[in-house]
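Participant: Okay, handing you the structure first.
The values are calculated or read from the model by the stated rules, or taken from the named source; none is laboratory data. What you see is a predicted model, and the numbers here were worked out from it, not measured in a lab. For neighbour counting, all protein chains shown are included, and Cβ atoms are generated from backbone atoms with ideal geometry for every residue, glycine included. Only protein heavy atoms, including side chains, enter the accessible area calculation; ligands, DNA and RNA are left aside. Shrake-Rupley method; radii C 1.70, N 1.55, O 1.52, S 1.80 Å.
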Amino acid sequence: MEYFIQQLINGLTLGAIYGLIAIGYTMVYGIIGMINFAHGEIYMIGAFVSFIAFLVLGAVGITYIPLALLVVLLLAMVFSAIYGWSVERIAYRPLRGAPRLSPLISAIGMSIFLQNYVQILQGARVKAMQPLISGGFTLMEHDGFTVTISYLQIFIIVLTIVLMAVFATVIGKTALGRAQRACEQDRVMASLVGVNVDRTISLTFVMGASLAAVAGLMVTIYYGVIDFYIGFLAGIKAFTAAVLGGIGSMPGAMLGGLLIGLVEAFWSAYFSIEYKDVAVFSILVLVLIFRPTGILGKPEVDKV
Amino acid sequence: MLSVSGVHTYYGQVQALRGVDIEVKQGEIVTLIGANGAGKSTLLMTISGAPHPQQGRVTFDGQDITDLPPHEIVRLGIAQSPEGRRIFPRMSVYENLQMGSVPSRSDHFDEALEQAYELFPILKERQDQRAGTLSGGEQQMLAIARALMSKPRLLLLDEPSLGLAPLVVRQIFNVIKEINERDGMTVFLVEQNAYHALKLAHRGYVMVTGNISMSGTGKELLDNPEIRAAYLEGGH
Ligand SMILES: Nc1ncnc2c1ncn2[C@@H]1O[C@H](COP(=O)(O)OP(=O)(O)OP(=O)(O)O)[C@@H](O)[C@H]1O
Ligand SMILES: [Mg+2]
């Protein structure tokens with residue numbers, strides 16, 4: 001039982017991270033009906049910016065952790081947002097109206113480019129960081145097995161909840177969110193009522209990218225190791241989460257993320273850690289076969 | 001106020017407009033009639049900038065708007081209630097009206113909303129309902145109200161009576177007349193319901209396969225035997 005609860009906590013933490021990345025996939029899909037295949041790389045860049053920012057802050061002597069976290073968070077979001085914006089400008093906007101396969105290929109091209117770009121700039125070796133926050137609460141203790149939730153896990157889960165609340169408000173209540181939903185439902189009509197569609201699409205990429213950056217920051221401090229290749233696996237897992245939850249649905253992306261995180265944690269704990277990725281991808285295959293609209297998705301199979 | 005001259009519009013290889021000239025003056029109701037596929041909706045969409053014409057010019061109040069994007073054209077004061085209504089189905093009625101006010105200043109919203117509810121009281125009752133669940137007539141009213149929310153100077157209406165019961169059609173035509181007479185709104189109206197639309201209009205145009213074939217006052221067109229035969233037989 002204690003073991004189970006511990007895995008639940010670990011899985012939820014992991015799932016929060018996947019969920020944040022998945023929201024970027026789902027928002028972009030919602031507005032342009034296409035998967036942003038460079039999104040995993042945006043997350044990877046968020047992780048690298050965080051890593052570098054922590055080193056720089058450490059070097060200039062800013063060691064007060066809440067301040068450092070806040071500064072790194074903002075830097076990661078801003079840098080990733082710029083990259084997300086560029087992906088849209090370079091890989092998607094020039095191909096608006098082209099056959100659907102074209103932007104898909106150009107986005108995969110962007111993804112490969114960004115991986116190699118970071119590899120050349122930062123090297124191929126794994127980067128490791130000292131744990132930033134240690135310690136936590138012991139929730140229960142039984143037969144020598146303790147269930148703990150670390151401060152870091154609390155930080156990740158709370159920050160995720162806060163960001164979800166902020167994003168739900170932006171999309172549900174603000175003019176920008178309405179413009180995004182209008183573009184999703186009828187892009188030409190949105191332009192006829194005065195929405196600048198190109199700008200709205202850009203902002204959607206920017207918003208998705210900044211959430212991916214937060215996920216990058218979380219992974220950097222949670223695992224303490226990153227390399228230029230992490231965007232690929234995390235990207236596919238978050239994509240799986242988005243599809244599982246119902247692509248196009250924001251709550252679905254978060255739900256899917258949590259489920260994927262739980263599957264990964266429990267699979268590693270009870271079966272084999274080597275095959276955890278296989279377990280996740282099996283879910284992707286099964287969902288695509290049996291329920292392509294996902295758990296909360298709208299039945300618009302023709303768009304998938 | 002609006003002048004369209006020599007406009008050619010294509011969808012890929014398909015040519016939909018073949019040199020259209022029309023003129024709409026301040027304060028007028030101008031009706032455009034024509035058979036299915038003549039290019040009426042294409043003309044309205046070309047005026048709104050989606051798609052842009054391949055050849056020809058569109059000017060509004062002397063300004064060349066031919067190559068402006070749609071979101072800038074509506075800011076200049078041309079709003080459209082398009083064919084098929086195209087309300088945002090997964091938004092509430094209220095949110096649809098908020099979308100309509102995107103081009104105008106936010107402090108005009110309450111006033112414009114009040115006017116819209118005054119013209120179409122049913123929309124106020126339905127304001128929190130998902131627009132996709134409205135009846136056809138209510139959706140049409142919403143589409144017109146949404147266009148009015150931007151306080152346009154020129155209103156483009158594409159077949160507002162399509163598929164609606166006579167009572168609702170009359171209500172909508174009354175509203176068009178009311179905003180024209182009371183607020184001086186200029187209206188460019190596309191209609192299949194030629195009799196009512198020409199009666200309402202100061203002037204009219206007839207379109208045949210991408211060309212304007214005839215024009216005149218509403219009465220002239222109504223009295224024209226060719227038009228009676230082609231567009232007014234049956235019913236009225
Ligand atoms: N999106 C499109 N792609 C390709 N061809 C189109 C498109 N829209 C319209 N057309 C073609 O352009 C021509 C004019 O169409 P349009 O919709 O403007 O006619 P209309 O006069 O509004 O007809 P209706 O009375 O049936 O609404 C038609 O031949 C139509 O098939
Ligand atoms: Mg039409």
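Participant: Taking a ≥ b ≥ c as the square roots of the Cα gyration tensor eigenvalues, with a/c under 1.5 meaning rounded and otherwise prolate when a/b beats b/c, else oblate, which class fits the range A:20-230?
Facilitator: Details: a/c = 2.22, a/b = 1.59, b/c = 1.40.
Prolate is the answer for the range A:20-230, as a/c is 1.5 or above and a/b outweighs b/c.
Participant: Follow-up. Using the beta-carbon distance between A:Y3 and A:V56 and R0 = 41 Å, what value does 1/(1 + (r/R0)^6) give for FRET efficiency, to the nearest 0.05? Walk me through the numbers before you get to the answer.
Facilitator: On the way: r = 40 Å, r/R0 = 0.97.
Efficiency computed from Cβ-Cβ geometry: 0.55.
Participant: Of the residues B:M91, B:M149, B:M45, which exhibits the maximal mean-square fluctuation in a Gaussian network model of chain B defined by a 10 Å Cα contact cut-off?
Facilitator: Sorting by GNM fluctuation, first place goes to B:M91.
Participant: Give the accessible area for B:T133 in Å² (nearest 10); use a 1.4 Å probe, count only protein heavy atoms, and leave out ligands, DNA and RNA.
Facilitator: Per-residue accessible area (B:T133): approximately 80 Å².
Participant: Cut-off under 19 Å on the C-alpha distance; same-chain residues fewer than 8 positions from B:K219 excluded. Which aspartates and glutamates are left, in chain and number order?
Facilitator: Hits, sequence-local ones excluded: B:E23, B:E28, B:E181, B:E191, B:E233.
Participant: Could you rank the peptides A:33-42, A:234-243 by their average count of other C-beta atoms within 10 Å per residue, with the highest value first? Kindly include the intermediate steps, with their values, before the conclusion.
Facilitator: Numbers: A:33-42: 25.3, A:234-243: 26.8.
Packing order, densest peptide first, comes out as A:234-243, A:33-42.
Participant: Can you tell me the accessible area per residue over chain A, all protein chains present, probe 1.4 angstrom, in square angstrom?
Facilitator: 44
Participant: Calculate the FRET efficiency for B:V208 and A:D277 from the Cβ-Cβ distance with a Förster distance of 60 Å, rounded to the nearest 0.05.
Facilitator: Details: r = 64 Å, r/R0 = 1.06.
Calculated value: 0.40.
Participant: At 7 Å along Cα-to-Cβ for each site, give me the label-to-label distance between A:I112 and B:N174 in nm.
Facilitator: Output for this residue pair reads 6.7 nm.
Participant: Past 26 Å, Cα to Cα, is the threshold; run A:K173/B:K177; B:K124/B:K151; A:K127/A:K276 against it and keep the listed order.
Facilitator: Details: A:K173/B:K177 35 Å; B:K124/B:K151 18 Å; A:K127/A:K276 23 Å.
Exceeds cut-off: A:K173/B:K177.
Participant: Additional query: Can you give the mean number of other chain Cβ atoms that lie within 10 Å of the Cβ atoms in peptide B:89-101?
Facilitator: For this peptide, the per-residue mean of nearby foreign Cβ atoms is 3.
Participant: Please give, to one decimal in nm, the separation of the simple spin-label points placed at A:I65 and A:I295, each 7 Å out from Cα toward the Cβ.
Facilitator: My value for the distance between the label points is 3.1 nm.
Participant: Within 10 Å, count the other beta carbons around each residue, average over each peptide in A:225-233, A:119-127, A:171-179, and list them highest first.
Facilitator: Values: A:225-233: 19.2, A:119-127: 11.8, A:171-179: 15.9.
Ranking the peptides A:225-233, A:119-127, A:171-179 by packing returns A:225-233, A:171-179, A:119-127.
Participant: Roughly how far apart, in whole Å, are the Cα centres of the range A:211-236 and the range B:69-140?
Facilitator: With the range A:211-236 and the range B:69-140 each reduced to a Cα centre, they are spaced 43 Å.
Participant: Among A:A168, A:A76, A:A215, which one shows the highest mean-square fluctuation when chain A is modelled as a Gaussian network with alpha-carbon springs under 10 Å?
Facilitator: Answer for the Gaussian network model of chain A: A:A168.
Participant: What FRET efficiency, computed as 1/(1 + (r/R0)^6) with R0 = 41 Å and r the Cβ-Cβ distance, is obtained for A:L288 and B:D107, rounded to the nearest 0.05?
Facilitator: Working: r = 49 Å, r/R0 = 1.20.
Here the calculated transfer efficiency is 0.25.
Participant: Just B:Q13, B:Q139, B:Q129 to compare: in a GNM of chain B, with alpha carbon springs under 10 Å, which one fluctuates most?
Facilitator: Evaluated over chain B, the most mobile residue of the options is B:Q13.
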